[in-house]
Amino acid sequence: MPGGRLTQQERQQIALGVADGLAYAEIARRLDRPTSTITREVMRNGGPTGYRADLAHHATERRTHRRRQTAPRGQASPPLEHGRDADAVREYEESFVALLIQQGLPKMMAGVLTCLYTADSGTLTAAELVQRLQVSPASISKAVTFLEGQGLIRRERDERRRERYVVDDDVWYQSMIASARTIAQLSETARQGVTVLGANTPAGVRLENISRFTAFVGESITRAAEQGRDILYGTKES
């Protein structure tokens, strides 16, 4: 599998694939690239409706130029804590942001959430988020308000009375349970349709099958979430 940065020709192929409605996985297969590379490339350069190969290529060149200006000539970015490679961390964070955007989260909110998930403490102040994302305090405030409203983060005060934003591991459990409830509602609605349309009619049979399927999936999600909840709070065994 080829490595390195995308070429302009590859970006043109990505643009054609996006225009044709191909899945990112299919575009990646044709270019022999990881799907995450294609997802990140598209989402950070206008998304599926605004991606342009030439603009994406120029934007990448500008970002590369800025990075070279901030680092000593001939040297890579310095390693971070725990021996982490700064370039590898940045690439991973970009992939994480792209995935969250693909799931429907606005770009700024995705950036804030990614910062919190990749911080060892799981908590950052507004000033720290401003520094990491290089955006205005107002942008951070708006993103935090949105994420808090969605139940994805919470606020707390530290010993210096500074407001900190915290990512709550339990949100994944709550998200799964909420998803299971939605599926259960779909199952119940389909079952009501069986009574209305008739159990022995084609439509009734179809809705009965939908009801049974969604009930099974919803119950499975709830059971798995309950059984796996402790994993969210576990520590890696040595």
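The values are calculated or read from the model by the stated rules, or taken from the named source; none is laboratory data. In this text the structure is predicted, and so the values were computed from the model without any measurement. Note: ideal-geometry Cβ built from the backbone for every residue, glycine included; neighbour counts use all protein chains shown.
Observations
- In the stretch 210-225, the residues that are in contact (Cβ under 8 Å) with a residue 24 or more places away in the chain and in the same structural domain as T182 (by TED's automatic domain parsing) form Cβ pairs under 6 Å with partners that are assigned to a helix (DSSP H, G or I) and of a type in the set (F, W, Y), at six or more places apart or across chains, as follows: A225/Y173.
- Filtered residues of the stretch 136-176 (kept if hydroxyl-bearing (S, T, Y) and in contact (Cβ under 8 Å) with a residue 12 or more places away in the chain): S139, S141, Y165, Y173
- Selection status of R68, basic (K, R) and either modelled with pLDDT under 80 or surrounded by 15 or more Cβ atoms within 10 Å (Cβ to Cβ) (or both): yes
- Out of I183, I140, I101, sole residue that is modelled with pLDDT of 90 or more, in contact with a Gly (Cβ under 8 Å, 6 or more places away or on another chain) and either among the β-branched types (V, I, T) or farther than 30 Å from V205 by Cα (or both): I183
- Each residue in the stretch 120-137 was checked for being surrounded by 15 or more Cβ atoms within 10 Å (Cβ to Cβ) and not in a helix (DSSP H, G or I), and 5 of them qualify.
- Residues satisfying the stated conditions in the stretch 186-200, i.e. assigned to a loop (DSSP other than H, G, I, E, B) and over 13 Å from R212 (Cβ atoms): G198, N200
- Selection from the stretch 125-134 of residues that are more than 17 Å from R90 (Cα to Cα) and either outside the structural domain of E148 (by TED's automatic domain parsing) or of a type in the set (S, T, N, Q) (or both): T125
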